[in-house]
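J.: Can you keep this structure in mind? I'll have questions shortly.
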Amino acid sequence: MNLLHGVGDFFSLDIGTNSMRIVQLAGDEHSGWALIHYAYIPIDQKLTADTTELGRKHLGEAIMGAVEQAGIKTKSVAVGLPANKTFTSVVETDTLPEKELAKVFKYEIDKYVPMPLDDAKADYIILGLSPNDPQKTEILVSSVARAYAEPLLETIEKTGLNVIAMEPEPLAMARALAIPGALDATLIVDFGEKATDLVIMYQNQPRLVRSIPGGIAQLIGAVATGLNVKEEQARQFILKFGLSEEKVEGQVFKILGPSLDSYASELAKSVRFFQTKYLNGKVGGVVLSGYASIIPLFPEYIEAKTGIPAMRGNPWQLVRTTPEQQHALMPVASEFAVAIGLSERSND
């Protein structure tokens, strides 16, 4: 099992906080992709939090139920890893011929992993020459604690599936949402249930990867307390009225103000950090995913706060779907960025 590389025919598995997504694509990045199989299964948050043997058994049963619903026959699967369980960074090293560099870096990777290698699964990808200095080569390094990865791997493989790769969710998400042919850098933001993942893509490569604690659950809690309503009603207010200053007398927007300002500040901080490192790199756009793509007026808010054009991302932008698939997926299409990105991995 590789952390970043995968080979052969496979499908993707994205286990989220409230739902499970499965995708199998046909094609490749050159000829284009077509959706073959998919499944969307709502799950209870307690299911993924339960680390007991019985809990993992139930998770395995849910996974197999999703696989059967999707009609998938292959046993090979690529799995997403939550950003808060992984460590991903881009490092620089002296430029060498690729084969020689790969041989040397294999023994230096421990310098870039924040835990003993015996306690981690680690992998790397050579991105290419640094945009700043051709004497340097950039390498993306990613690691995950064995204490988290191995129980998950065991749970999945007990179902009879073969895990060929595990990949941090932000990298998969960015692959699906990156703007093809973009000349400027793009900040891709996935606003999830409990965390917000950020990736800055530049020259078709991830150059900055971050995860910020807090997602829509934090906003829901604030609205529920501020308006003295139940959390489910607070969620409906946010998803229906969004950041409008006219709806509900602007109360939702006023309550969300401090939290949203904090998120906007983190986005601006990431942009400044990137542009300090890559002097010729201009962030020309923000692509929003997850709840950020469905909360009304969220793009307009981010654009106003950062001064960078913001748009709702489309994870299906490179995937051909039938009218029937489009109709069935419409209510949940925005939630598939990680699953699609995992399936768009190169088989090289």
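J.: Only sites in a loop by DSSP and with at most 16 other Cβ atoms within 10 Å count here; which trypsin sites (Lys or Arg not before Pro) in the range 94-157 make the cut? Walk me through the numbers before you get to the answer.
T.: Numbers: sites: LYS99, LYS103, LYS106, LYS111, LYS121, LYS136, ARG146; in loops: LYS106.
The qualifying sites are LYS106.
J.: Hey, any idea what % of the chain's accessible area is carbon plus sulfur with a 1.4 Å probe?
T.: Working: 8650 of 16690 Å².
That fraction is 52 percent.
J.: Of all beta bridges DSSP finds with both residues in the range 1-127, what is the antiparallel percent, to the nearest 5? Each step should come with its number before you reach the end.
T.: Details: 14 of 17 bridges.
Percent antiparallel among DSSP bridges in the range 1-127 is about 80.
J.: With +1 on the Cβ of every Lys and Arg and -1 on the Cβ of every Asp and Glu, and nothing else charged, how large is the dipole of the chain about its Cα centre, in debye rounded to the nearest 20? Please report the intermediate quantities before stating the final value.
T.: Details: 32 positive and 42 negative charges, 65 e Å.
Result for the chain is approximately 320 debye, rounded to the nearest 20.
J.: When the helices in the chain are scored as -39500 (n - 2.57) per DSSP H run of 4 or longer and the sum is shared across all residues, what 222 nm value do you end up with, to the nearest 500 deg cm²/dmol?
T.: -11000 deg cm²/dmol
J.: Leaving out ligands, DNA and RNA but keeping every protein chain, what accessible area does GLU108 have, in Å² rounded to the nearest 10, with a 1.4 Å probe?
T.: Using a 1.4 Å probe on the heavy atoms, I get roughly 50 Å².
J.: Something else about it: Given the C-alpha centroids of the range 116-178 and the range 195-212, what is the distance between them in whole angstrom?
T.: 14
J.: Hey, what's the Kirkwood Rh for the chain if you take every pair of different alpha carbons, in angstrom? Numbers along the way, then the final one.
T.: On the way: mean 1/r = 0.0474 Å⁻¹.
Taking the inverse mean of 1/r over all distinct Cα pairs, the chain comes out at 21.1 Å.
J.: Moving on to the next point. Working out 0.36 nm times the residue gap between ALA145 and LEU183, then minus their Cα-Cα distance, what length gain in nm do you get to one decimal?
T.: Values: separation 38, 0.36 × 38 = 13.68 nm, distance 3.56 nm.
Result for the pair: 10.1 nm of gain on full extension.
J.: Okay, moving on. Please figure out what share of the DSSP beta bridges in the chain is antiparallel and state it in percent, rounded to the nearest 5. Before the final figure, lay out the partial values.
T.: On the way: 46 of 68 bridges.
Given both bridge residues lie in the chain, the antiparallel proportion sits at roughly 70 percent.
J.: With only alpha-carbon atoms counted, please give the Rg and Dmax of the range 119-220, in Å.
T.: Rg and Dmax of the range 119-220, Cα atoms, are 16.2, 49 Å.
J.: So who's got an amide H within less than 5 Å of the one on TRP316, skipping anything under 5 residues away but keeping other chains? H placed 1.01 Å off N, in plane.
T.: Under 5 Å from the amide H of TRP316 lies no amide H from a residue far enough along the sequence or on another chain.
J.: With the crude spin-label approximation of a point 7 Å out along Cα→Cβ, what separation in nm comes out for LEU227 versus GLU249?
T.: With each label point 7 Å from Cα toward Cβ, the separation is 1.3 nm.
J.: With +1 on each Lys and Arg Cβ and -1 on each Asp and Glu Cβ, how big is the dipole of the range 1-147 about its Cα centre, in debye rounded to the nearest 20?
T.: Numbers: 14 positive and 20 negative charges, 81 e Å.
Value, rounded to 20: 380 debye.
J.: Could you please put PHE273, PHE253 in sequence from largest to smallest accessible area, using a 1.4 Å probe? If you can, show how the numbers build up before the last one.
T.: Working: PHE273 125, PHE253 45 Å².
Putting PHE273, PHE253 in descending order of accessible area: PHE273, PHE253.
J.: Compute the length gained on full extension between ASN314 and GLU53: take 0.36 nm times their separation in residues and subtract their Cα-Cα distance, giving the result in nm to one decimal. Could the numbers behind the result be given before it?
T.: Details: separation 261, 0.36 × 261 = 93.96 nm, distance 3.77 nm.
Full extension of this stretch gives 90.2 nm more.
J.: LYS158 to GLU108: FRET efficiency via 1/(1 + (r/R0)^6), r the Cβ-Cβ distance, R0 35 Å, to the nearest 0.05?
T.: Details: r = 35 Å, r/R0 = 1.00.
E between LYS158 and GLU108, to the nearest 0.05, is 0.50.
J.: Measuring from centroid to centroid over Cα atoms, what is the spacing of the range 9-61 and the range 92-107 in Å?
T.: A separation of 35 Å, based on Cα centres.
J.: Let me ask something else. Could you state how much accessible area HIS58 has, in square angstrom rounded to the nearest 10, with a 1.4 Å probe and all protein chains kept in place?
T.: Near enough 80 Å² of accessible area.
J.: Working with all protein chains in place, sort GLU167, GLU154 by solvent-accessible area computed with a 1.4 Å probe, largest first. Don't jump to the answer; show the numbers that get you there.
T.: Values: GLU167 5, GLU154 100 Å².
Accessible-area ranking of GLU167, GLU154, largest first: GLU154, GLU167.
J.: Calculate, for the chain, the solvent-accessible area per residue in square angstrom, rolling a 1.4 angstrom probe over the heavy atoms of the protein chains. Numbers along the way, then the final one.
T.: Numbers: 16690 Å² over 348 residues.
Each residue of the chain exposes 48 Å² on average to a 1.4 Å probe.
J.: When only the heavy atoms of the protein chains count and the probe is 1.4 Å, how do MET173, MET201 rank by accessible area, highest first? Intermediate results must be reported in sequence, preceding the final value.
T.: Values: MET173 0, MET201 25 Å².
Ranked list, largest accessible area first: MET201, MET173.
J.: Next question. Per residue of the range 13-30, in order, report the coupling 6.51 cos²θ - 1.76 cosθ + 1.60 (Karplus, θ = phi - 60°) as ³J(HN,Hα) in whole Hz, putting x for Gly and Pro.
T.: Result, rounded to whole Hz: 10, 10, 9, x, 6, 10, 7, 10, 10, 10, 9, 10, 10, 10, x, 7, 5, 8.
J.: SER244: accessible area at probe 1.4 Å, nearest 10 Å²?
T.: The value for SER244 is about 20 Å².
The values are calculated or read from the model by the stated rules, or taken from the named source; none is laboratory data. Treat the numbers as computed from the prediction; the structure is a model and nothing was measured. Virtual Cβ from ideal backbone geometry, glycine too; neighbours counted across all protein chains shown. Heads up: the accessible areas ignore ligands, DNA and RNA and are worked out on the full protein's heavy atoms, side chains in. Shrake-Rupley method; radii C 1.70, N 1.55, O 1.52, S 1.80 Å.
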